[in-house]
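Since the structure comes first, as structure tokens, the remarks are kept for the end.
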Amino acid sequence: MGTTTPKPTDRRVQRTRRTLREALVALILERGWDDINVQEVCDRADVGRSTFYTHFADKEELLLSGFDQLRKELRGLTASAGPGRRVLGFARVLIEHAQDNLRLFRALIGKRSGQTVQKHFRQVVIDLVRADLAGAVPPGPRLEAAVHYLAGAFVEVVVWWLDTRTGLQPADLEQLVQQMTTPVVSALRGQRE
């Protein structure tokens, strides 16, 4: 008989994956993405390499599992925020999540995160923006340009907010982001007609 892979819903599997993600975040904050390897993640998590490779092919797959978890959390939080769909409707939830998980977000978009981590975080935001613009803007180059423009602007504003500690509360930042986004979306909708 062959060995079976543990089910992802098993508590031990969830705990191991969470421990590995936490170790990865800690190492990114300390040394940066580019300067860590799988063995260091295993050592920090107190998990054997064979256990690591039971769950993930490499450190990038571990990173991506964290982004999958972030997407699920944001979808759940955004859905619980209620109706009233608008472009960047996820903004408040993501901003509050960033404030509540400052250490995690510094690892994701801070100076030590590196291009790989930042690229994957931007992709999460791009996917959220694309979902918000679906139906509001016809598919095509204009939609894709708008998605990347708005996602890039949003990520940069959140990075600025986290780095500068401006005193703006999440609601204030979300309002500012919405004010800057409205003209862009209005112009895109105007092109439609």
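Which one, VAL41, VAL137, VAL25, has the greatest fluctuation when you compute a Gaussian network model over the chain with C-alpha springs under 10 angstrom?
Sorting by GNM fluctuation, first place goes to VAL137.
All other residues with a Cβ under 14 Å from the Cβ of GLU60 taken together, and with Lys, Arg as +1 and Asp, Glu as -1, what is their net charge?
Here the count lands on -1.
Under 18 Å between alpha carbons, and skipping anything fewer than 8 positions from LYS59 in its own chain: which aspartates and glutamates qualify?
Cα-Cα hits under 18 Å: GLU22, GLU30, ASP34, ASP35, GLU40, ASP43, ASP46, ASP68.
Considering the values (i) 9, 34, 35, 19, 3, 0; (ii) 8, 32, 31, 19, 8, 1, 0; (iii) 8, 32, 35, 17, 6, 1, which represents P(r) over Cα pairs in 10 Å bins from 0, in percent as calculated for the structure under consideration?
(ii)
Run the numbers on segment 37-181 and let me know its relative contact order in percent, using alpha-carbon pairs under 8 Å that are six or more apart.
24
Just so you know, all these numbers are worked out from the coordinates, no wet-lab data involved. Because the structure is predicted, anything quoted here is derived from the model rather than measured. We place every Cβ from the backbone using ideal geometry, glycine too, and count neighbours over all the protein chains shown.
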